[in-house]
Amino acid sequence: MGASDFANLPHIGEAVRRKEDYRFLTGAGNYTDDVTMAAQSHAIFVRSPHAHATIKSVDIAEASKMPGVVGIFSGKDIEGKMGGLPCGWLINNPDGTPMKEPLHPILAIKKVRYVGDHVAMVVAETVEQAKNAAEAVVVDYEVHTPLVSVADAAKKQSGVTIHDEAPDNQCYKWTLGDKAGVDAAFANAAHVTKLDLVNNRLIPNPIEPRVAIGNYSRATEEYVLYVSNQNPHVERLLMTAFVLGLPEHKVRVIAPDVGGGFGSKIYLYAEDVCLTWAAKQLNRSIKWTGERSECFLSDAHGRDHVSHAEMAMDAQGKFLAMRVHTDANLGAYLSTFSTAIPTILYATLLAGQYATPQIYVEVDAWFTNTAPVDAYRGAGRPEATYLLERLVSRCAWEMNLGQDEIRRRNFISSFPYQTPVALQYDTGDFPALLNRANELAEVAGFAARKAESEKNGKLRGLGYSCYIEACGLAPSNVAGALGARAGLFEAGEVRVHPTGSVTVFTGSHSHGQGHETTFAQLVAARLGIPVENVDIVHGDTGRVPFGMGTYGSRSLSVGGTAIMKALDKIETKAKKIAAHLMEASDADIEFANGEFTVKGTDKKIPFGQVALTAYVPHNYPLDKLEPGLNETAFYDPTNFTYPAGAYVCEVEIDKSTGEVKIDRFTAVDDFGTIINPMIVEGQVHGGIVQGIGQALMENCVYDNETGQLLTGSFMDYAMPRAADFPNFKLDTLSTPCTHNPIGSKGCGEAGAIGSPPAVINAVLDALAPLGVKEFDMPASPHRVWEAMQKGATTP
Ligand code: MCN
């Protein structure tokens, strides 16, 4: 079935109410912390109070005698007994040598490398007893000077060595593009625009913190790990193959309802391994529920780039070439996908929507004494879009062109389009997105609104951002060639029951994205059955054949396509059954709207009758057809999907306080074929809110001297709230993806990618009359006020 046929099926494009909401809204969800095992103990982790120190000793003598204590483990208990936490993506330096990959032990061995690093795990009968005993563990540290900021790491003058394997703290250097070609284009440019900028570090904060329960059965020799995680099969693969060396079939990972992840629950964390391993040592189920302050310290953080970018243009503002240098902070250890974020998922997106003929990117990635940094909603693509869209707006100001005009002059206009940074975009219509965004944002009335604001002593600015992202990770062979250590396909099993109802087992994992509804719509549309007759099962390695999980807005286009492939097989087999029932040849059977018909006749039978026959095979040619109607498919995409959008933000700034108010926010996106517009709108809302959170208030700050996390709670780390936003104006246009049968492109990260530059470009537009040309996120009142006082900060 082609994408255009699919888009016209019933239920596709229908705002079906979320099937999962009854459960979530009535408190009937089943999150990991709701799971209670018989004879369950509780774990508390002793964490390092220092950013960089040698562990001279860990004394558990007193703690071990405390009431309720079942066991205490530290680095010496695991040293040499298991591997470290693996990094899933190998990056090579330009000379072909591999990146530095120091051991990432599940409990610190000899050294701690960030505040919050895991020193010991205390297991007791109750949480309180475990906490009391954890306080009685005495750790003697020899404290060292930490290296905290990525800018300091890049200077290579700190004298600090975090890992012996990387004496200068550099993990890798990575380049993409033709340097000589770019240099030549710069030499002939009419104008070069330059920009330095920081992409601020963020702390993910899903509503449900990380939680896990390790279990072991002596009877079956099986481990079961319940965990709040986005990809249980990957968690199992990494834990068994790389850390514990266990046969995979003896480990079951269950991620039940998950209260948000936003990237931070993709990874294999130390706690998950400790709990699983110790469950066997102690013959106990062990639960750990992360407290919010622990999650601030030890969940993988996001972003944290310092970049310099330059654009070479001709006299008309046409882009000739771009060059970028980025220093990326990886934190103290390599988290699961960390190395791919500032490289594959960042540098390859730097062409954006523009036909820049040549691009050269250089990335230096550094270890620092901070929590590991990995994917956070958008993962690399927000960093690329922020850099590019800030640069493009600056080009416009310097070339005296309109924000809209410079973008139009440089848009890619024909597809497929091969960028100079590896990606090939299949479809898009960038001018149409911008036209619709201008219309919806009522840009024509901006001048009048600005004049009105000025009358009231306020500043008003308009900012644009035209983003493109690569979603649907990924073609496995491309990812493999670029360093991925695992495939990135997806699996789906469709089980048609005798009554014609269907259960689908998918390797994707929904932790707020509504898969139980949209995937059911997809199956119902294909089979011509009610949406209520389809149930979606995910999140359990014991029930789902395999899966690579949910991240990179891949679930519909990759996971959904795996289900489509399984449905193709179901249809093929069902047609054979129908042909037998109607005494026709297989080739003459057609299937549409839930009915099998014999071409050119009025003979027809419903899907339900075929389903029943599959399981009640009287008169069935059992020599030719097996009973049952149950098919599994694996799908590996041939390309990424390329959602794109045009975002327009209008801000009003209070001159006396520096407070930025988002007055209007417009987003027009191209997600190709949309299954459920209500869910997609919700995804865009959530993404925009996260993006504006980064632009206006969220900021992870470590003390540069001590490496202490200064923003370790919601008292210091500001999260956006509903009252901070106007009603967003949203619309979508569609240029369907050409290489999946749904025609869909990912929508789950778009808002977080497109919104930050639109906001900061609007802030800069508002501050332009005061001579402000440079500004780094977040645009908190204090920083805006300071910028207003300083005025022009760049020559
Ligand atoms: N969809 C659709 N039509 C499209 C595209 C998507 O109807 N053209 C539907 C999908 O079927 C799915 C939802 O929209 O129900 C999101 O789909 P998709 O874009 O494929 O993204 P994923 O499901 O793979 O979700 C991942 C993405 C990422 S990477 C982050 S981070 C993120 C996000 O989704 N984290 C979230 N959205 C989140 N939403 C919630 N509530 N919680 C998170 O942790």
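What value in Å³ per residue do you get for the convex hull of the alpha-carbon atoms in segment 366-431? List each step's numbers first, then the result.
Values: hull volume 9.7 nm³, N = 66.
In segment 366-431, the Cα convex hull volume per residue is 147 Å³.
Given only helices, namely DSSP H runs of n ≥ 4 each adding -39500 (n - 2.57), what is the per-residue ellipticity at 222 nm of the chain, to the nearest 500 deg cm²/dmol?
Calculated from helices alone, the mean residue ellipticity at 222 nm is -8000 deg cm²/dmol.
Compute the convex hull volume of the Cα atoms of segment 285-325, divide it by the residue count, and report the result per residue in Å³ as a whole number. Display every interim value, and only then the final one.
Numbers: hull volume 5.7 nm³, N = 41.
Cα convex hull per residue, to the nearest whole number: 140 Å³.
How long are the semi-axes of the ellipsoid equivalent to the chain, from square roots of 5 times the Cα gyration tensor eigenvalues, in whole Å, largest first?
42, 38, 23
Can you work out the base-10 log of I(q)/I(0) for segment 615-713 at q = 0.16, 0.22 1/Å, using the Debye formula on its C-alpha atoms alone?
-0.97, -1.18
Defining a contact as two alpha carbons under 8 Å apart and six or more residues distant in sequence, what relative contact order in percent does the chain show?
16
Note down the relative contact order for segment 748-795 as a percent, whole number, built from C-alpha pairs under 8 angstrom at least six residues apart.
36
Just the ratio, please: alpha-carbon radius of gyration of segment 656-791 over 2.2 N^0.38 Å, N its number of residues.
1.25
Suppose the Debye formula is applied to equal point scatterers at every Cα of segment 231-381; what is log10 I(q)/I(0) at q = 0.08, 0.09, 0.12 Å⁻¹?
Those come out to -0.33, -0.41, -0.64, one per q.
Which values of log₁₀ I(q)/I(0), to two decimal places, follow from the Debye formula for segment 545-640 at q = 0.12, 0.15 Å⁻¹ with a uniform point scatterer at every Cα?
For segment 545-640 at q = 0.12, 0.15 Å⁻¹, log10 I(q)/I(0) is -0.48, -0.67.
Please state the equivalent ellipsoid semi-axes for segment 724-795: what are the square roots of 5 times the Cα gyration tensor eigenvalues, largest first, in whole Å?
Three semi-axes, in Å: 36, 13, 10.
With 20 Å as the cut-off, how large is the P(r) tail for segment 85-183, expressed as percent of Cα-Cα pairs?
58
Take every Cα pair under 8 Å in segment 673-724 that's 6+ residues apart, average their separations, divide by the length, and report that relative contact order as a whole percent.
It rounds to 30 percent for segment 673-724.
Provide Rg over Rh for segment 11-155; use the alpha carbon set for both Rg and the Kirkwood Rh (inverse mean inverse pair distance). Walk me through the intermediate numbers first.
Values: Rg = 21.5 Å, Rh = 19.0 Å.
Rg/Rh: 1.13.
Compute the Rg/Rh shape ratio of segment 506-552: radius of gyration over Kirkwood radius, all on alpha-carbon atoms.
Values: Rg = 11.2 Å, Rh = 11.3 Å.
Rg/Rh: 0.99.
Sorting check: for 705-718, 328-341, 244-257, 483-496, which peptide has the highest mean count of neighbouring beta carbons within 10 Å, and how do the rest follow?
328-341, 483-496, 244-257, 705-718
Starting from the Cα of residue 569, draw a straight line to each of the lysines and keep only those under 19 Å, dropping any in the same chain fewer than 8 residues away.
List returned: 624.
For segment 413-535, state the semi-axes of the equivalent ellipsoid (square roots of 5 times the eigenvalues of the alpha-carbon gyration tensor), sorted largest first and rounded to whole angstrom.
Semi-axes (√(5λ), whole Å): 42, 25, 15.
Sorted by mean Cβ packing within 10 Å, highest first, what order do the peptides 290-298, 758-766, 162-170, 19-27 take?
Top of the packing list down: 758-766, 290-298, 162-170, 19-27.
Every number in this text was worked out from the coordinates using simple rules, so none of it is lab data. Since this is a predicted model, take the numbers as computed values, not measurements. A quick note on method: Cβ atoms are made from the backbone with ideal geometry, for glycine too, and the neighbour counts reach across all protein chains shown.
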